[in-house]
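The values are calculated or read from the model by the stated rules, or taken from the named source; none is laboratory data. Model, not experiment: these values are computed from the prediction. For neighbour counting, all protein chains shown are included, and Cβ atoms are generated from backbone atoms with ideal geometry for every residue, glycine included. We work out accessible area using only protein heavy atoms, side chains counted, and drop any ligands, DNA or RNA first. Shrake-Rupley method; radii C 1.70, N 1.55, O 1.52, S 1.80 Å.
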2 protein chains.
Amino acid sequence: MKLHWSPRSPFVRKVTVTLHETGLIDRVDCVDTHVGMKETNRELMRENPLSKLPTLILDDGNALFDSPVICEYLDTLHDGTKLFPAGGPERFAALRWQALGDGLLDLLVLWRNEAIRPPGTFSPPHLAAFEAKVEATLNRIESETSALAGAPFGIGHIAIGIGGSYLDFRYADRDWRTSRPAFAEWHAGFAARPSVRATEPVAD
Amino acid sequence: MKLHWSPRSPFVRKVTVTLHETGLIDRVDCVDTHVGMKETNRELMRENPLSKLPTLILDDGNALFDSPVICEYLDTLHDGTKLFPAGGPERFAALRWQALGDGLLDLLVLWRNEAIRPPGTFSPPHLAAFEAKVEATLNRIESETSALAGAPFGIGHIAIGIGGSYLDFRYADRDWRTSRPAFAEWHAGFAARPSVRATEPVAD
């Protein structure tokens, strides 16, 4: 399989952490691929017209996206402990945590895209709203950390953990930990996993 | 159950079409809820800190989001034909089509948010990139319409169908049909479904 990849995309990192956790990393060739909100990667768009990462090309040539679909597909290819519970309340708790982590990442990416616009063209109300939603989401994660820590490690943990790691990567001057001691402690354990250490982002 | 709802959100419409298709519509109270990219709905954020629609409040008080999670959950509550295939290639075809339709909707929403910025603050490169990705996605849907039409109706059809309907609602002056006759013909059948007719958007 071929993975359209970037060392900075947190959504790609969900996939590469999943590949390490499931022992599948050697079955995928990672292809460095550049995308951006205001750019069109025509080569990638032949396989994924949305021009987004991650995109996984299967051995039969079919392309899978987005990260939840790719991760769930990869989870069918191994016999170890599953990252996606098969059904019941456990499944929807995991999918909801994945949506919470993905939603945090979406906000962080939109916020950063807004902040790097040329002076005079960025929108202060957008920046304020992104920040307020990020803060509220981090507070919510703090209040759910006990439940998260008590559930078997899965796709929800990966998405939320990468949320914290992406804050460290792109917003290193923001202290998200002091007022969220439970999330901070849980995240330290997440960051120590071999799958997470093997997929550290590289600055551009 | 309570659904945070808007008559204009295409992601909410995925949920209401699903509710009609599965016979569950009478089990949900729809609560008109206002959200926007540069706004923070504090009441909604107590249940979904991302401040996004749709958000489904279950009878036990737990909140589910986003639309793929809500739709998959609702699909477990009925005994009719499932909108999410249980597994195998059929499941990943459906999830991929859902991601294609959701990705189209994301682009259309971002494009519109960009276009309605005050003069001098919108970004022509962003607008051009959104348009190019939308066109490429519609072309891809055209090339896959035969496969889509041949698969049992499911969540992928709902997402892609609502993509066409959202174009008609928010981009009524764009002719997306002439160069995509297969998608246009398939969409006419989609638009005639009772679930789709019962969930027509209302202009603001």
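Residues of the range B:56-93 being under 30 Å from B:ARG46 (Cα atoms), of a type in the set (Gly, Ala, Ser) and at pLDDT 95 or above, which ones? Those that are under 30 Å from B:ARG46 (Cα atoms), of a type in the set (Gly, Ala, Ser) and at pLDDT 95 or above: B:ALA63, B:SER67. Among residues of the range A:1-55 being in a loop (DSSP other than H, G, I, E, B) and touching an Asp or Glu at 6+ places or on another chain (Cβ under 7 Å), the one that is nearest to B:ALA129 (Cα to Cα) is A:LYS52. Could you tell me how many of the residues in the range A:108-132 are more than 9 Å from chain B (Cβ to nearest Cβ) and not in a helix (DSSP H, G or I)? Number of matching residues: 2. The set of residues from the range A:170-200 being within 13 Å of A:ARG13 (Cα to Cα) and crowded, with 17+ Cβ neighbours inside 10 Å comprises A:SER195, A:VAL196, A:THR199. Entry remark, the range B:45-75: residues being more than 10 Å from chain A (Cβ to nearest Cβ) and either over 11 Å from B:MET1 (Cα atoms) or acidic (Asp, Glu) (or both) number 5 in total.
The number of residues in the range A:167-200 that are more than 20 Å from A:GLU144 (Cα to Cα), aromatic (Phe, Trp, Tyr) and assigned to a loop (DSSP other than H, G, I, E, B) comes to 1.
State which residue is least open to solvent (accessible area, probe 1.4 Å) when the search covers only the range A:133-158 and only residues that are small (Gly, Ala, Ser) and part of a helix (DSSP H, G or I).
Pass one, the range A:133-158, residues small (Gly, Ala, Ser): A:136, A:143, A:146-147, A:149-151, A:154, A:156.
Subset that is part of a helix (DSSP H, G or I): A:136, A:143, A:146-147, A:149-150, A:156.
Values: A:ALA136: 21, A:SER143: 86, A:SER146: 97, A:ALA147: 59, A:ALA149: 63, A:GLY150: 69, A:GLY156: 1 Å².
Applying the filter and picking the extreme gives A:GLY156.
Screening the range B:161-199 for residues that are among the acidic types (Asp, Glu) and within 22 Å of B:ALA99 (Cα to Cα) and picking the one that is farthest from the chain's Cα centre (by Cα) gives B:GLU185. Is one or more of the residues making up the range B:159-166 more than 10 Å from chain A (Cβ to nearest Cβ), open to solvent by 10 Å² or more (accessible area, probe 1.4 Å) and not acidic (Asp, Glu)? Scanning the range B:159-166, I find at least one residue that is more than 10 Å from chain A (Cβ to nearest Cβ), open to solvent by 10 Å² or more (accessible area, probe 1.4 Å) and not acidic (Asp, Glu), so the answer is yes.
Evaluating B:VAL35 against the criteria (1) within 23 Å of B:VAL109 (Cβ to Cβ); (2) open to solvent by less than 20 Å² (accessible area, probe 1.4 Å) leaves one unmet condition, (2). Would you check which residues across the range B:47-103 are over 29 Å from A:PRO49 (Cα atoms) and open to solvent by 20 Å² or more (accessible area, probe 1.4 Å) and list them? Hits for the range B:47-103 are B:GLU47, B:LEU58, B:ASP59, B:ASP60, B:GLY61, B:ASN62, B:THR76, B:LEU77, B:ASP79, B:GLY80, B:THR81. Checked against (1) within 20 Å of A:SER9 (Cα to Cα); (2) touching a residue at least 40 places away in the same chain (Cβ under 8 Å), A:ASN139 passes all but condition (1).
Being out of contact with any Gly (no Cβ under 7 Å at 6 or more places or on another chain) and more than 7 Å from chain B (Cβ to nearest Cβ) is a description that does not apply to A:LEU105. Among the residues examined, A:ARG96 does not qualify as in contact with a Pro (Cβ under 7 Å, 6 or more places away or on another chain) and at pLDDT 95 or above.
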